[in-house]
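Q: Attaching a single structure in structure tokens format; questions to follow.
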Amino acid sequence: VVQMVLGGRVNKDLVALIEKAGGKSIGLCGMDGSLLKAKKIESDVDLGYVGEITSVNTDILKIALESDYIPVVGSVAL
């Protein structure tokens, strides 16, 4: 559900708002092209699928920015 909401609905709504305001944007999810990788947070209480970012593939972001697109990244990682 989180993946669907953050990587889909919310992401696309933000892209649409940026476009409506005259910007150029592209919707991405942290899973796309291994943009974001994370490890699960270990604690006394199981937090579910909550983690810390371990790496960011900046290549995708650089390509978007060099093409004058605003990347909108849903915070779901591999």
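Q: Let me know the whole percent of all Cα-Cα pairs from segment 4-47 that are separated by more than 14 Å.
A: In whole percent, the share of Cα-Cα pairs in segment 4-47 beyond 14 Å is 61.
Q: If you count only protein heavy atoms with a 1.4 Å probe, what accessible area per residue comes out for segment 6-64, rounded to a whole Å²?
A: Working: 4090 Å² over 59 residues.
In whole numbers, segment 6-64 has 69 Å² accessible per residue.
Q: If you rank Tyr69, Tyr49 by how much accessible surface each has, with a 1.4 Å probe, what is the order from largest down?
A: Tyr49, Tyr69
Q: So which GluC sites (Glu not before Pro) in the chain pass both tests, a DSSP loop state and at most 13 other Cβ atoms within 10 Å of the Cβ?
A: Glu42
Q: Share of segment 30-78's accessible area from carbon and sulfur, percent, 1.4 Å?
A: 55 percent
Q: If you place +1 on the Cβ of every Lys and Arg, -1 on the Cβ of every Asp and Glu, and leave all else neutral, what size is the dipole of the chain about its Cα centre, to the nearest 20 Debye?
A: 200 debye
Q: (1) 5.4; (2) 4.6; (3) 6.7: which one is mean projected area of the Cα convex hull in nm² as calculated from this entry?
A: The value matching this structure is (1).
Q: Continuing with the same structure: Can you return the lysines within cross-link range of Lys24? Criterion is Cα-Cα under 18 Å, with same-chain partners fewer than 8 residues away left out.
A: Lys12, Lys62
The values are calculated or read from the model by the stated rules, or taken from the named source; none is laboratory data. Computed from a prediction, not measured in an experiment: that's the story for all the values here. Positions of Cβ are generated from backbone atoms using ideal geometry, with glycine treated the same way; all protein chains shown enter the neighbour counts. When the accessible area is computed, the model is the full protein with side chains, heavy atoms only, and any ligands, DNA or RNA have been set aside. Shrake-Rupley method; radii C 1.70, N 1.55, O 1.52, S 1.80 Å.
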